[in-house]
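Heads up, the thing below is written out as structure tokens.
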Amino acid sequence: MMLQQYLKDYGQQAEIFVEQLNLLENGRMEASAAIEALEAMVASDDNTVLLQIGGGASVRAKVLEPEKILVAIGAEVVVERSNKDAVEFLKGRIMEMEASQKRVSETLEKLRAQMTEITKRLEYGYQQSQQMGAPQEEE
Amino acid sequence: MFGGLKERLQAARNRLNSSIGAVAAPPEAEPVATTPAPAPAPAASPAEPAKTASPTFVDKVKILVLERELIVSEKNIADALSELEMTLLESDVALPVTDAIILHVQKSLVGKHRKIGESVDGMVVSALKTALLEVLGKGFDLTEYIKTHPRPVKILFTGVNGTGKTTSVAKIGSYLHKQGFSVVIGAGDTYRAGAIEQIAVHAERIGIKIIRHKEGADPSAVLFDTVQYAISHKIDVVLADTAGRFHTKSNLMNQLDKIKRVMKPDLVIYVDEAVAGNDAVIRAAEFDKTVGADAIVLTKADMDSKGGAAISIAHTIGKPLMFLGVGQSYDDIIPFDPAGVVDELLDGA
């Protein structure tokens, strides 16, 4: 009974970590897309971009100041950066997110190993109880 | 823990060092020399050897002021300070807290006379240290609190959903148990499916008595019973778990009010996760406004490389940080020690 509860607890924790991993991955993808857009904006001659307005619809829009980028740097503060600095900042963020992903993955790995161990013990206990001929409580 | 912030602070510190070092570099120049040169030796402008003619008093003063000592002006460190400001904001340190730190560092450095033999780095580190210590507050020594207050000490845990409240209750229970206190846990989260079983398993594992009712029962009744049990069995500490809730749900906040009326907690602890960054700070402030909070526990600090919430929370809501959750096992909770955290952050060359 207690082992099953552990298994459930670990399962819930694992779910939270998987969710966190997804969030980090989304963040990383978004930052990569932003870098691509910023670099393309400078490279293009007429500053025209496709602006998504929701529902899969887009309009062509001209960027007035492709060199002045507003970046949310954290703590709900937005600062103006040059295009190059904004790209650098986003690259830094990506590196941080990758490091976090690695840490979360490692923790998740450990949790899963523990879950496998518990499952094995549960199965062993079940087999034992079958052999004894009477249902028994685990631990 | 807070590895990213540590790295960034190191960079900001080097920048301040080189800005101030640049002032020290030209020995004959006025101390207000601008344009920071790339990292000169920190202990520049050594004392001049004895002069041939006997020096006048004015000469002595001149040597002391212009050559031996270093006076930092606001201009010298303006760039470095703005970089430090960005560093802190990027680490999710709340704006008012960032301002407080910058102001403090500026105050301690500008107009500062470097004493002979004092290194520039020493000056910068001590300025950063006092600034951080000021915003971090004093922390909260729970064992001391319990020792100096009538038993049972009743501690109520509140916070939003899914931040690790129940696990923190178990960890703190285990911590206090190891410190030699007798503890009883009240399973006040009667709302979330499996919460009672979860805390019951924790309690069993760490050898603590738990008082529980059925799922869906009135949490006030559970916690009232827990307090009665503690009184009749002369237990030192009551740890009251509650269901996670958002401060915007008025019915749940009313329930919390009722719990407070019934069990009369000595301490209300707000639990949130460090990884939530600035959100945790904002939520803590809201909770403090609505139900009050005496201290804060931040969980998942081991997953947080920015450290923004941990740095900002005490200064923003004016309540001390009590514990940091740093891992999966029961021992992975550390009493928050501001001096230790600051030393850790500013550690390294």
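Values in this text are rule-based calculations from the coordinates and carry no lab data. These figures come from a predicted structure and were not determined experimentally. Reconstructed Cβ throughout: ideal geometry from the backbone, glycine too, with neighbour counts over all protein chains shown.
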| Which trypsin sites (Lys or Arg not before Pro) from the range B:74-138 combine a DSSP loop assignment with at most 13 other Cβ atoms within 10 Å? | B:115, B:138
| query | For helix A:83-132, what angle does its Cα long axis make with the longest principal axis of chain A, in degrees from 0 to 90 and rounded to 10? | reply | 10 degrees
| request: Over 16 Å, how big is the tail of the calculated P(r) for the range B:169-210, in percent of all Cα pairs? | output: 29 percent
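Past 19 Å, Cα to Cα: identify those pairs from B:154/B:258; A:102/B:306; A:62/A:91; B:234/B:260; A:8/A:110; A:102/B:300, in the order given.
The pairs that break the limit, which is 19 Å between Cα atoms, are A:62/A:91; B:234/B:260.
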| request: Provide the descending list of Cα extents for chain A along its principal axes, expressed in whole angstroms. | output: 81, 30, 24
| request: Counting helices only, and only those DSSP H runs with n ≥ 4, report the 222 nm mean residue ellipticity of the protein assembly as shown as the sum of -39,500 (n - 2.57) divided by its residues, in deg cm²/dmol to the nearest 500. | output: -18000 deg cm²/dmol
| Can you pull the Kirkwood radius for the range B:142-345, inverse mean 1/r over Cα pairs, to one decimal in Å? | 16.8 Å
| task | Pull up all non-local amide H partners of residue B:295: gap of 5 or more, or a different chain, and H-to-H distance under 5 Å with H placed in the peptide plane. | result | B:268, B:270
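With N set to the residue count of the protein assembly as shown, report its C-alpha Rg divided by 2.2 N^0.38 Å to two decimal places.
1.22
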| said: With θ taken as phi - 60° and the coefficients 6.51, -1.76 and 1.60, list the Karplus ³J(HN,Hα) couplings across the range B:85-93 in order, rounded to whole Hz; mark glycine and proline as x. | reply: 4, 4, 3, 5, 5, 5, 8, 6, 7
| message | Which of the three applies to the range B:123-222, rounded, prolate or oblate, going by the alpha-carbon gyration tensor with a ≥ b ≥ c and a/c under 1.5 meaning rounded? | response | prolate
| said: Tell me the angle of helix A:2-43 to the major Cα principal axis of chain A, expressed in degrees between 0 and 90 and rounded to the nearest ten. | reply: 10 degrees
| query | How much net charge surrounds residue B:317 when only the other residues with a Cβ under 15 Å from the Cβ of residue B:317 are counted, with Lys and Arg +1 and Asp and Glu -1? | reply | -1
| query | What nm distance separates the two modelled labels at residue B:138 and residue B:218, each placed 7 Å from Cα along Cα→Cβ? | reply | 3.9 nm
| task | Take the alpha-carbon centre of the range B:251-267, take the same for the range B:305-349, and report the distance between them in whole Å. | result | 28 Å
